[in-house]
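Heads up, the thing below is written out as structure tokens.
Each reported figure results from applying straightforward, stated rules to the coordinates on display, with no laboratory input. Just so it is clear, the structure is predicted and the values come from calculations on it, not from any experiment. A quick note on method: Cβ atoms are made from the backbone with ideal geometry, for glycine too, and the neighbour counts reach across all protein chains shown.
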Amino acid sequence: MELKVKEERTGWRDQEISTRHRSWGYDCPALDLDFLMLEYDLGKAAALVEFKNEKAKPIHIGHPSIRALIGLADAAKIPLFLVRYASNFSWYFVTPGNAKAREFVPEPFELSELEWIQLLYRCRGRNMPDKLASQFV
């Protein structure tokens, strides 16, 4: 049985490079990320976050692409959060992707937008500014 490279399924990204890379073969996998963010502070990485909209396919933590992100976050000694968010931003379902993330969120948990922002500030070793927090009251 020949292993096939999956076709691009959405066309949201730069189709040409995605198609080209897929032609390089099954043993040259890459991850088309939905929305990967590197949170940082003063030039230092603070967290890696893979965001997925509530309508996107579920994230499977054991998938090789997620394991690659875990390895990257572990090497950088930063938390990896896998986050599914509501289209109206009313909730963020946060799954810790590595041990460092579990220091902040021990298990998958739904947070409000305010709680999510507060968590991002904690990853930076900072408190959320009162002026920003007051926007969520």
Margin query: Using a Förster radius of 30 Å, what is the FRET efficiency between Phe89 and Leu36 based on their Cβ-Cβ separation? Nearest 0.05, please.
Written below: 0.95
Next item on the list: Sticking with the crude label model, points 7 Å out along Cα→Cβ, report the distance from Ala45 to Lys131 in nm, one decimal please.
Entry: 3.1
Checklist line | Among beta bridges that DSSP assigns inside the stretch 19-136, antiparallel share in %, nearest 5 | finding: 70
Item checked: Estimated inter-spin distance, Ala76 and Ser23, nm [label 7 Å along Cα→Cβ] -> 3.1
Check: Based on the Kirkwood radius over alpha-carbon pairs, what is the Stokes-Einstein translational diffusion coefficient of the stretch 19-136 at 20 °C with 1.002 mPa s viscosity, in µm²/s?
Finding: 140
Margin query: Give me the count of lysine pairs in the chain whose alpha carbons sit under 20 angstrom apart, restricted to pairs 8 or more positions apart or on different chains.
Written below: 5
Next item on the list: Would you mind ranking Lys52, Lys131, Lys44 by Cβ crowding within 10 Å, fewest neighbours first?
Entry: Lys131, Lys44, Lys52
